[in-house]
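Okay, so here's the structure we're looking at.
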Amino acid sequence: MPSDAKNSIVEPPEVIADRIRKRLEIVPPDRFLAAPDCGLGYFSRTTAYAKLRSLGQAVAMVRAEL
């Protein structure tokens, strides 16, 4: 399921890492950029920070595998 900019639930890094891995089947790692969609401005700072932290952890997990 794709992420939803209006969903305030913070997805675990494992879920985001799986999405990244699927995209890396199409886009080579040196051309891939993991970035949040533009919806973080609508969340509280706490939620936005948690979502960014989860994204960062997911990226670190996938990088360790490459």
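No value in this document is a laboratory result; all are computed from the given coordinates. Everything numeric in this text was worked out from a predicted model, so none of it was measured. With ideal geometry, Cβ positions are generated from the backbone for all residues, glycine too; neighbour counts draw on all protein chains shown.
Across region 5-27, which residue is nearest to ARG53 (Cα to Cα) among those that are in a helix (DSSP H, G or I) and in contact with a Ser or Thr (Cβ under 8 Å, 6 or more places away or on another chain)? Explain how you work it out, then say what you get.
In the first step, residues of region 5-27 are kept if they are in a helix (DSSP H, G or I); the result is 13-24.
Still in the running and in contact with a Ser or Thr (Cβ under 8 Å, 6 or more places away or on another chain): 13, 16, 19.
Details: PRO13: 9, ILE16: 11, ARG19: 16 Å.
Going through the qualifying residues, I end up with PRO13.
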Q.
For region 1-60: of the residues being in contact (Cβ under 8 Å) with a residue 12 or more places away in the chain and aromatic (Phe, Trp, Tyr), which is surrounded by the most Cβ atoms within 10 Å (Cβ to Cβ)?
A. PHE43
Q. Out of all the residues in region 55-65, is one or more of a type outside the set (Gly, Ala, Ser) and over 12 Å from the mean Cα position of the chain (by Cα)?
A. yes
